[in-house]
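Comments concern the structure below.
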Amino acid sequence: MTPRRPLGILGGTFDPIHYGHLRMAEEARDALALERVSLIPAGLPPHRERPGTQAADRLEMTRLAAAAHPHLEVDAGEALAAAPSYTVPTLERLRDTHGTARPLVLLLGMDAFQNLAGWHRWRELFALAHIAVATRPGYDFRAAGLAPELGAELRTRFTPEAGALAASPAGRVTAFAMTPLAISATAIREQIARGASPRFLLPDAVLDYIQTHHLYTY
Ligand code: ATP
């Protein structure tokens, strides 16, 4: 049997989802030969303030963004859960679904990776998935000021070979260069709140949903 290609996992608040997230998924799929990327909107994100937007709206916007893209799927598991969204339990759930042999690759932006050592049960992540960090082209993310314990994990786990991720189910860390897109959900929310247009920073279907449901107008 041919081993299945790795599954990418991109979690986020997605408040709202935008082209920074979607390009990250697309470029990761290409760079890391992922079969597809699962987008997982957080329900109650533990690392930040509670989003002003209901999980159901963020889930629906994520579904609209992923619709008609066969390489993207939406996992509603965190958005519909009553408990806070921690990544380790989510990965444990995905392991139950996909089995112990399937390579899983957690996709993170550089900002998220730098904070990893503050995550709940973060060291257990490595037994459950690989980690791939989106970086600016030419940027060596190992040079970033990382917490010493995270730097130590990186030294033993880093591989520059994207192909290495397919050879084991979990435990390696790699980086992939992505087109720099300085798009943030915070900036989009601010634009909408002051009546400016965020069009072309996010899919039209997502913007239509925001307008129909009067999101971010505060
Ligand atoms: P906010 O502005 O509300 O903090 P955000 O736009 O940073 O939101 P999140 O939902 O917090 O979006 O991010 C989810 C993941 O996507 C994180 O790993 C983050 O690093 C990554 N990400 C967000 N924006 C970009 C971008 N423009 N380019 C690449 N990765 C991004």
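The values are calculated or read from the model by the stated rules, or taken from the named source; none is laboratory data. All values reported here derive from a predicted model rather than from experimental measurement. Backbone-built Cβ (ideal geometry, glycine too); neighbour counts: all protein chains shown.
Summary table below
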{"item": "Given (1) in a loop (DSSP other than H, G, I, E, B); (2) in contact with a strand residue (DSSP E or B) (Cβ under 8 Å, 6 or more places away or on another chain), number of the condition GLY145 does not satisfy", "result": "(2)"}
{"item": "Helices (runs of 4 or more DSSP H) (entirely within the range 38-136) containing at least 3 residues that are farther than 26 Å from ILE183 by Cβ and without any contact (Cβ under 8 Å) to a residue 40 or more places away in the chain", "result": "87-98"}
{"item": "Qualifying residue in the range 50-73 (condition: within 25 Å of ALA127 (Cβ to Cβ), among the hydrophobic types (A, V, I, L, M, F, W, C) and away from the ligand (no atom under 14 Å from the Cβ))", "result": "no"}
{"item": "Tally, over the range 119-136, of residues that are over 23 Å from ALA31 (Cα atoms), at pLDDT 95 or above and within 15 Å of the ligand (Cβ to nearest atom)", "result": "1"}
{"item": "Enumeration of residues in the range 165-184 that are under 20 Å from the mean Cα position of the chain (by Cα), in a helix (DSSP H, G or I) and farther than 20 Å from LEU116 by Cα", "result": "ALA166"}
{"item": "Residues being farther than 22 Å from ARG142 by Cβ and either modelled with pLDDT under 95 or charged (D, E, K, R) (or both) - total across the range 101-118", "result": "1"}
{"item": "The range 13-33, subset outside any helix (DSSP H, G or I) and near the ligand (Cβ under 9 Å from one of its atoms), residue surrounded by the fewest Cβ atoms within 10 Å (Cβ to Cβ)", "result": "THR13"}
{"item": "Residue identified as touching an Asp or Glu at 6+ places or on another chain (Cβ under 9 Å) and not aliphatic (A, V, I, L, M) among TYR209, TYR218", "result": "TYR209"}
{"item": "Check on PRO6, within 23 Å of ALA127 (Cα to Cα), without any contact (Cβ under 8 Å) to a residue 12 or more places away in the chain and either away from the ligand (no atom under 14 Å from the Cβ) or of a type in the set (A, V, I, L, M) (or both)", "result": "no"}
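Each row is one residue, and each column tells you yes or no for (1) among the basic types (Lys, Arg); (2) surrounded by fewer than 20 Cβ atoms within 10 Å (Cβ to Cβ); (3) modelled with pLDDT of 95 or more.
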residue	(1), (2), (3)
HIS47	no, yes, no
ARG50	yes, yes, no
GLN54	no, yes, no
ALA65	no, no, yes
HIS71	no, yes, yes
ALA76	no, yes, yes
PRO84	no, yes, no
ARG95	yes, yes, yes
HIS98	no, yes, yes
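Residues are listed down the side, and each one gets a yes or a no for (1) loosely packed, with under 12 Cβ neighbours inside 10 Å; (2) within 16 Å of the ligand (Cβ to nearest atom); (3) over 26 Å from THR90 (Cα atoms); (4) of a type in the set (S, T, N, Q):
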position	(1), (2), (3), (4)
ALA117	no, yes, no, no
THR159	no, no, no, yes
LEU165	no, no, no, no
ALA170	no, no, no, no
LEU181	no, yes, yes, no
ASP204	yes, no, yes, no
THR212	yes, no, yes, yes
